[in-house]
Each structure stands twice: as C-alpha cells, then as structure tokens.
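**Q** I'd like to ask some things about the structure below.
Since every read-out is calculated from the coordinates, none of them should be taken as a lab result. Everything numeric in this text was worked out from a predicted model, so none of it was measured. Note: ideal-geometry Cβ built from the backbone for every residue, glycine included; neighbour counts use all protein chains shown.
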Amino acid sequence: MARAPKKTPAKKARKSNAGRPPKYDAKLHPKLAEAYVVAGKNVVQIAAELEISVSTFYDWRENKPEFSEALARAETSKNNIVATSLYRRATGYNYRTSQVKIGEGGVIVERTRRTHHVAPETSAAMAFLTNRDKDNWKQKQVLEHDVSDSLADRLDRATRRHRESRGED
C-alpha cells in the first residue's frame, strides 16, 4: 500500500499585538502619566514611556477617570510651578552661593558664602498681573473715532485744499 504524502503543516501566521488591549493598571498608570506630564513630556513621549499607542493614551484619557484626573492634576501642578516662578521673577528674589577653595592635601583653605539678589522684572510683573487679575490689569488700547463729519464733507474739504494748493480757485 502506498502511503499518502505527509502534509506539511502551513506556517503559523505571526500574531500581531495590534488590537490587543494593553493591561491597564489603575494604580500604576495614572501615577506614571502624572509624573511624565509634570516632567514636561508630551503625549507621544508619555505613550512611549507607558508602552502604549497614542490612540490608547487618548482612549484611557477618555474612558479611565483616574487616568484623566491624574493628567488634570499634573497640568495644574505645572501651571502652579510656572506661576510661582513668574511671581518670583516679577517681585525679585535672593539666592545663596558657596565657593570653596581647596589647598594642598585637599584641605579647605577658604569658604565664601554670598547672597545674590535678582531684581524684579517689569515684563514678568505685567504678565503675572494681566493673567491673574484681568479685571484690573488689562492690556488694551482704546481708540476713539470721530465720525461727526460725513465722508462727502471730508472729500469736499480735501478737494478745496488741493485746488487751493495748486492755485485753482
């Protein structure tokens, strides 16, 4: 009896991870995302750090309340850091430095401590006030227009002046 030829199994198709939902950890992922936002990372960078796609990031932001809240907290935190820095720049501040001189044998020969002052900056004060106290610090220009003369009257006067300047009266 003749044996039937052995069928070679078809190659298994590689499974793609595309479409597989990532494992979301409600305790870990919001904390990581919050830290990445505060560190200044953008959406693409955060998604890469979390090893998810950008579309998954947006999906989590829309469908996972704790993830969305963590992102909002981080943005508020960043805004507060900038507001504090802007305030310090607007009002001026002091900072200290130390300088150490080391002699032979690694012995400290001299230690100097200095306090430096950074003067207030007007543009920082204006930016701070126009954003924080809009009712009292608006940057606006008021233009007043006088429309009491009609266009025809103005054209007549301009034509007369022109004729007078040419001696055509």
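**Q** Go over the candidates Trp60, Trp137 one by one and state the one that is touching a residue at least 24 places away in the same chain (Cβ under 8 Å) and among the aromatic types (Phe, Trp, Tyr).
**A** On inspection, the qualifying residue turns out to be Trp60.
**Q** For region 37-47, state whether one or more residues are in contact with a Phe, Trp or Tyr (Cβ under 8 Å, 6 or more places away or on another chain) and of a type in the set (D, E, K, R).
**A** No, that holds for no residue.
**Q** Where residues in region 112-169 are among the small types (Gly, Ala, Ser) and in contact with a helix residue (DSSP H, G or I) (Cβ under 6 Å, 6 or more places away or on another chain), which of them is farthest from Thr97 (Cα to Cα)?
**A** Selected residue: Ala125.
Rundown of residues vs (1) in a helix (DSSP H, G or I); (2) of a type in the set (Gly, Ala, Ser); (3) surrounded by 10 or more Cβ atoms within 10 Å (Cβ to Cβ), yes/no style:
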residue	(1), (2), (3)
Phe57	yes, no, yes
Trp60	yes, no, yes
Asn80	yes, no, yes
Thr115	no, no, no
Asp135	no, no, no
Val142	no, no, no
His145	no, no, no
Ala152	yes, yes, no
Glu164	yes, no, yes
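**Q** Tally time: how many residues in region 56-113 are within 30 Å of Ala26 (Cα to Cα) and of a type in the set (Val, Ile, Thr)?
**A** Total meeting the criteria: 4.
**Q** Is it the case that Ala72 is assigned to a helix (DSSP H, G or I) and under 17 Å from the mean Cα position of the chain (by Cα)?
**A** Yes: the conditions hold for Ala72.
**Q** Pick from Asn63, Asn42: which is of a type in the set (S, T, N, Q) and more than 30 Å from Met126 (Cβ to Cβ)?
**A** Asn63
**Q** Taking region 49-85, which residues are closer than 30 Å to Tyr95 by Cα and not basic (Lys, Arg)?
**A** Result: Ala74, Glu75, Thr76, Ser77, Asn79, Asn80, Ile81, Val82, Ala83, Thr84, Ser85.
**Q** Ok, one more. Residues that are in contact (Cβ under 8 Å) with a residue 40 or more places away in the chain and of a type in the set (A, V, I, L, M, F, W, C): does region 101-115 have at least one?
**A** No, region 101-115 contains no residue that is in contact (Cβ under 8 Å) with a residue 40 or more places away in the chain and of a type in the set (A, V, I, L, M, F, W, C).
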